[in-house]
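Structure, as structure tokens:
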Amino acid sequence: MELWDKNMKTTEVVFEAVLPVLKLLSMALIGLLLSHPKIQMIPKPTLRLLSKLVFFLFWPCLIFTHLGPVISVKKFIQWWFVPINVVISTAVGSVLGFFVALICRPPPEFFRLTVIMTAFGNTGNIPLAVVSSVCHNEDNPFGGTCYDGIAYAGFSQWVSVVLVYTLIYHMMEPPLEYYEVIEEGTEIEELTDLPTRNENDLSTPLLIEAEWTGIEDQRTEHCQTPLVATIFNSISDVSQSNIPDIESIREEMPSSPRSYGCLAEPKVVRKIRIVVERTPINQILQPPLIATVLAIVIGIIPQIKATVFGSDAPLDFITDSLAMISDGMVPAVMLVLGGMLWEGPNESKLGLRTTIGIVVARLLILPLAGIGIIYLADKWNCLIADDSMYRFVLLMQYATPSAILLGAIASLRGYAVGEASALLFWQHVFGLVSISVYIFIYFKLLVNLF
């Protein structure tokens, strides 16, 4: 698919690149103004409810109605690089985050946070919002197949969710030293009583509820303990009285049939099993992921697909209704984002130098690395031929701010909640500019290079 004319003026490309972000910015500004304490047309309880509607209704409907009609067995195979690209971007971001931590030298307890906040980007609602904004006009640069970009973005949801609810969940556990300080002081009461504290500080609830609604109900006594470090590390310099007893953890686990065999279960296997059983796998099946799986299953089975999708399908009235509901996703997301930005950044002990380093690495350096990766993938014939929107979505996966879900995980684990919130705030503020710049760069590259 050809993207524009190669003789198109640079000013016209700039206009087409900035226009989608201006649309999103306008909606965010409306949310910011309407949530102002002096206006209060959209109070914070309403923003929280709107965030739940996005999570449970608008976002799943958008994915289902755009992914289902275009997916097939052939395309399922052709799109193999979309989830792989999420893993690659995470790996490259982790390397960048490691170097940021080495260079900027954050406080020791925030070393892992620096890596995490640089590595894991928002592959969900922000790419969907950008693609929807780009495709809103009939004369969009990608033509009639522009909305396939929503299908591409939705197709990557499953790998992002799996990474966050498994790897990130355990990487965000409190360091042993940090855990000990909490136990010896009184701050643990503030952490365990987080919902009560947040009644007056509503910036955190908006952040927490944005991509994990009902997170407070999932908190257990083990969520805020350094489980992995306790099990796998030989602890000699930390007070054992302040560390959860591994034997008590094992006793709570269902007895394994292997323990009754002739050979005892190896210690390493037992430790891994304990960590796996403490991983919130049941939380992976969230509404957006369920919508993705349903769309894929229905889309790759022709007989079922013919009854659900298409103007002649018997159930077309249902999918058409879902499509109408999904139109509220982008405005709702930007209104909630505007309300979040009005609260400003939370207090952070991360340090200005580290904060700047993470923002620069995530929003400026990682997208440049993404350009090189996608260019090589194109040259190695890993991408769909002549599909500019496909390449645009892959490039966007490197240019987004950190995933908002990281703030929810930080709150659940009781680790660096204020620091994660502050980083998300500054990344989304500067992301409005960086995304505009990189959309312009991507458009120029899609015309002249790919």
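The values are calculated or read from the model by the stated rules, or taken from the named source; none is laboratory data. Being a predicted model, the structure only gives us computed values, none of them experimental. Here the Cβ is made from the backbone with ideal geometry for all residues, glycine too, and neighbour counts use every protein chain on show. Ligands, DNA and RNA are excluded from the accessible area calculation, which covers all protein heavy atoms including side chains. Shrake-Rupley method; radii C 1.70, N 1.55, O 1.52, S 1.80 Å.
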Segment 310-326 - residue that is of a type in the set (D, E, K, R) and within 24 Å of Phe55 (Cα to Cα) and, of those, nearest to the chain's Cα centre (by Cα): Asp320
Is it the case that Glu347 is open to solvent by 10 Å² or more (accessible area, probe 1.4 Å), of a type outside the set (Gly, Ala, Ser), in contact (Cβ under 8 Å) with a residue 24 or more places away in the chain and under 17 Å from Thr114 (Cα atoms)? yes
Scan segment 25-49 residue by residue and report those that are within 11 Å of Gly339 (Cα to Cα) and charged (D, E, K, R). Lys44, Arg48
Subset of segment 24-53 [open to solvent by 30 Å² or more (accessible area, probe 1.4 Å) and outside any helix (DSSP H, G or I)]: His36, Pro37, Lys38, Ile39, Gln40, Met41, Pro43
Matching residues, segment 54-93, being part of a helix (DSSP H, G or I), over 30 Å from Val336 (Cβ atoms) and over 20 Å from the mean Cα position of the chain (by Cα): Val73, Lys74, Lys75, Phe76, Ile77, Gln78
Out of contact with any Phe, Trp or Tyr (no Cβ under 9 Å at 6 or more places or on another chain) and open to solvent by less than 80 Å² (accessible area, probe 1.4 Å): is that true of Val293 in this structure? no
